[in-house]
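**Student:** Mind looking over this structure? Questions follow.
The values are calculated or read from the model by the stated rules, or taken from the named source; none is laboratory data. Keep in mind the model is a prediction, meaning the values are calculated, not measured. In this analysis, Cβ positions are derived from the backbone assuming ideal geometry, glycine residues included, and neighbour counts consider all displayed protein chains. Just the protein is used for accessible areas: all its heavy atoms, side chains included, with ligands, DNA and RNA removed. Shrake-Rupley method; radii C 1.70, N 1.55, O 1.52, S 1.80 Å.
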Amino acid sequence: MAVLRMRDALREALREEMRRNPKIFLMGEDIGKYGGSYAVTAGLLEEFGEERVRDTPIAESVIVGAGIGAAMAGYHPMVELMTINFSFLALDQIVNNAAKLLYMSNGQINVPLVIRMASGGGSQLGATHSHSLEGLYAHFPGLKVVCPAFPADAKGLLKRAFRDQNTVIFIEHTANYGLRGEVPDDPDFLIEFGQANIVREGRDVTIVGYSGSVHQALRAAEILAEQEEVEAEVIDLRTLRPLDIATVVESVKKTNRCVVVEDDWKFGGFAGEIAALVMEHAFDWLDAPVARVCSKDVPMPYNRTLEYAALPSEEDVVDAVLAMF
Amino acid sequence: MAYEVTMPQMGADMTEGTLVRWLKKVGDRVEKGEVIAEIETDKANVELEAFHSGTVLALIAEEGQVVPVGEVIAYLGEPGEEVPTGKAPSVAAAPSRRRAPSTDGGAAPAAGAPAAEAAAPSAPAAGAMEAPSAAGERLRVSPVARRLAEEAGIDLSTLRGTGPGGRIVRRDVEEAIRARQAAPPPTAPAPTPAAAGAPPTATPAAEAVPTPAGARTEPLTRIRQAIARRMTQSKREQPHYYLTLDIDMTEALAFREALNATVPQDQRVTINDLIVKACAIALQRHPKFTASYSEEGLRYPSQINIDLGIALEEGLIAASLLDVGNKTLGRIAAESKALIERARGGRLRAEEYGSGCFTVTNLGAYGVETLIGIINPPQAAILGVGSVMPKPVVRDGQVVVRQIMKVALSADHRVTDGAEGARFLKEIQSLLENPASLAL
């Protein structure tokens, strides 16, 4: 067990999997010589060479399309899209090819592809570079969507992604890359998809988050415990597809209250999906309507003060919880 | 200073009332005691009297609006005086950080113009969902509270919600369950002497059982719901004992005839007036029958009000004759007549609405021989009165025909015992059989 930053944990996963499986190779913008925009792939070019760590032109549709083709041909590629914002350019490849080939070929062709991308606002990157699209990808059947909040989960889930025979959208929050945490060294350390994690136990309210929002939820839980005598249970979903709603429902049956936190917009977002599922599965256990704490309904402002105001804060979570009592 | 006029609570189980009609308009001068509005409750229309003199500054509630008990419906004061604007605040600003849930994102941004919305914090939708039960809303209950109450057999309408917007939440039901467990048998909530009452003569409401052909379910009227609730509460919580007795009314009828010969038609005394007067005297001599049971002890009222069960087309109501202990037979007769008229016209005053400590229910006019009533909670007893009928009885060794009336006392065994009930009933009998004592 070593204490690693999130980016180191991700690199460990890539290194271990590439050593294990020669069919794995990496493609992306600036992932080789430069080591990746968030330094996740730093040093891998030196170890694995240009054949397996390939810098690409700035053409996201081509990067993903080439990855899909290689996967169809028997490789297990990982493509890195510098940020999730650029994945819009590759949306047709992702949604119409990666997600549907298995179905449209009547099960003959699967697409074992890992698509990594950085997500989230809060870094003053402006309205076009601050998206949180985990919920968007979770919308499409045929894709798996993974969004870790901690270094150990990042490693275990990324390694697990390379054992999957389907396309995995692997989304990392930009604010989490420097986050430190204990990470197992075991080369067989895997975290199964579809297993939410109760990262804090509590009896009064269930706060559900994923990726960056788990940390807002945890800070809110601390405030609630210290100042309001409210013990919040915090659940990290870890994967949105497959989704472990059972853990959430079990928790809500205990606490009778549920708040969902996410960086994405509220309207039509994934928090609404969680709220609906909780309503469907735990209606008779609810003591208050499920609350959603999300980004304000505006394009992300560049101005730092406005950006913070637009993003969900731990105070917003605290307020949403207290409004239920 | 402007005075608030609020929706009065007429009866312990009243949570809201409908403002039927304003009898005053803004700018009108109102004297204390003057009727300013008509209010409809679960069971009757009542007249709302002003508690202060002044000028009507504002009418907050609109005609037809359902208003929770205690909410401001109007302001009285000096002409030109300022009144708080807007609707009455239903919940005080919370001292903690609790706030109304935000509703941002509920409205889709107009295509192409999200930036404009960003500039203006959108507030209009807020509040709409948090405004506490303003107008005729159904009871607000969280799903888990509803389920727990159902499992525990707790009547949600008896609970007060402490959740956001007055919602009944889990802790409210759990509190009620704890209270019930702590105190078997459960007591009727009796915070004030005023207890709303459907009179207890009602037979249990028949449930509509669905059957294949021609069957139907008729929704319960509010009065039917109230009767069902209170009668069930009585039978569930108040252990009844019953005593019946024959009263020889021959003397009383003669006494009444003599009295009525001397007074005009509209001041005539009825048999029921004699019974009420007899009960009033008997209650003064046996005050335990005016008391109501509570955990803390027996609660005695400050004056003796007797409820009369009055059959209306919509259902039975209990209307109160006030302070009968201090009133003469003639006064009781006159007030009783007026009370029944007001009840039939749906114009009972607030204080006449189930404020009694004892009930007389009389089906004599229907030829019923014996009526065994259900106690009108939280009262301790009810007297059921049957018809006066000529019957052969033995007097001085001779079979003679006398005018016999059967009465039945139903009493709460938590408050009194059978022997006390017997003495109380004998007192009523003795008073009616020696009616001169009623003349005072």
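**Student:** Would you confirm, using the coordinates I've provided, whether B:Leu57 is open to solvent by 10 Å² or more (accessible area, probe 1.4 Å) and without any contact (Cβ under 8 Å) to a residue 40 or more places away in the chain?
**Tutor:** On the way: open to solvent by 10 Å² or more (accessible area, probe 1.4 Å): yes; without any contact (Cβ under 8 Å) to a residue 40 or more places away in the chain: no.
Against the criterion (open to solvent by 10 Å² or more (accessible area, probe 1.4 Å) and without any contact (Cβ under 8 Å) to a residue 40 or more places away in the chain), B:Leu57 does not qualify.
**Student:** Can you tell me how many residues within region A:279-323 are more than 9 Å from chain B (Cβ to nearest Cβ), acidic (Asp, Glu) and touching a Gly at 6+ places or on another chain (Cβ under 7 Å)?
**Tutor:** Count: 1.
**Student:** While we're on this one: I'd like to know if region B:395-414 contains one or more residues that are among the small types (Gly, Ala, Ser), in the same structural domain as B:Ile310 (by TED's automatic domain parsing) and either surrounded by fewer than 19 Cβ atoms within 10 Å (Cβ to Cβ) or over 25 Å from B:Ala291 (Cα atoms) (or both).
**Tutor:** Residues of region B:395-414 that are among the small types (Gly, Ala, Ser), as a first pass: B:397, B:408, B:410-411.
With in the same structural domain as B:Ile310 (by TED's automatic domain parsing) added as a condition, the list becomes B:397, B:408, B:410-411.
Those still in the list that are either surrounded by fewer than 19 Cβ atoms within 10 Å (Cβ to Cβ) or over 25 Å from B:Ala291 (Cα atoms) (or both) too: B:397.
Yes - at least one qualifying residue is present in region B:395-414.
**Student:** Could you please let me know if B:Ile223 is part of a strand (DSSP E or B) and hydrophobic (A, V, I, L, M, F, W, C)? Quick ask: steps written out before the conclusion?
**Tutor:** On the way: part of a strand (DSSP E or B): no; hydrophobic (A, V, I, L, M, F, W, C): yes.
No; evaluated as a whole, the condition is false for this residue.
**Student:** Here are some conditions: (1) more than 10 Å from every other protein chain (Cβ to nearest Cβ); (2) open to solvent by less than 30 Å² (accessible area, probe 1.4 Å); (3) under 26 Å from A:Phe170 (Cβ atoms). A:Gly272 meets all but one. Which one does it not meet?
**Tutor:** That leaves (1) as the condition not met.
**Student:** While we're here: Residues being surrounded by fewer than 23 Cβ atoms within 10 Å (Cβ to Cβ) and over 22 Å from A:His129 (Cα atoms): count how many of those fall in region A:163-184.
**Tutor:** Selection size over region A:163-184: 8.
**Student:** Now for a separate question. Mind listing whichever residues of region B:347-371 are buried (at least 18 other Cβ atoms within 10 Å of the Cβ) and part of a loop (DSSP other than H, G, I, E, B)?
**Tutor:** B:Gly354, B:Ser355, B:Gly356, B:Cys357, B:Leu363, B:Leu371
**Student:** Here is a follow-up. Given the residues B:Ala280, B:Ala318, B:Ala311, which is the only one that is open to solvent by less than 30 Å² (accessible area, probe 1.4 Å), in a strand (DSSP E or B) and small (Gly, Ala, Ser)?
**Tutor:** Numbers: B:Ala280 fails: in a strand (DSSP E or B); B:Ala311 fails: open to solvent by less than 30 Å² (accessible area, probe 1.4 Å).
Among B:Ala280, B:Ala318, B:Ala311, only B:Ala318 is open to solvent by less than 30 Å² (accessible area, probe 1.4 Å), in a strand (DSSP E or B) and small (Gly, Ala, Ser).
**Student:** Could you check how many residues of region A:213-248 are open to solvent by 10 Å² or more (accessible area, probe 1.4 Å), over 22 Å from A:Phe140 (Cβ atoms) and away from chain B (no Cβ under 14 Å)?
**Tutor:** Total meeting the criteria: 9.
**Student:** Out of the residues in region B:259-277 that are surrounded by fewer than 23 Cβ atoms within 10 Å (Cβ to Cβ) and part of a helix (DSSP H, G or I), which is nearest to the chain's Cα centre (by Cα)?
**Tutor:** Top of the filtered list is B:Asn272.
**Student:** For region A:1-79, which fully contained strands (runs of 3 or more DSSP E) count at least 1 residues that are out of contact with any Ser or Thr (no Cβ under 7 Å at 6 or more places or on another chain) and within 19 Å of A:Val146 (Cα to Cα)? Break it down into steps so the answer makes sense when it comes.
**Tutor:** Values: elements: A:2-5, A:26-28, A:53-55.
Output list reads A:2-5.
**Student:** Please tell me if A:Leu157 is under 26 Å from A:Asp30 (Cβ atoms) and either outside any loop (DSSP other than H, G, I, E, B) or not assigned by TED's automatic domain parsing to the domain that holds A:Asn96 (or both).
**Tutor:** Values: under 26 Å from A:Asp30 (Cβ atoms): yes; either outside any loop (DSSP other than H, G, I, E, B) or not assigned by TED's automatic domain parsing to the domain that holds A:Asn96 (or both): yes.
Taking the combined requirement at face value, the residue satisfies it.
**Student:** Pairs, please: C-beta under 8 Å, at least 6 apart or cross-chain, first residue within 14 Å of chain A (Cβ to nearest Cβ) and in region B:152-178, second open to solvent by less than 20 Å² (accessible area, probe 1.4 Å) and polar (S, T, N, Q)?
**Tutor:** B:Gly163/B:Ser142; B:Arg167/B:Ser142; B:Ile168/B:Ser142; B:Val169/B:Ser142; B:Arg170/A:Asn256; B:Arg170/B:Ser142
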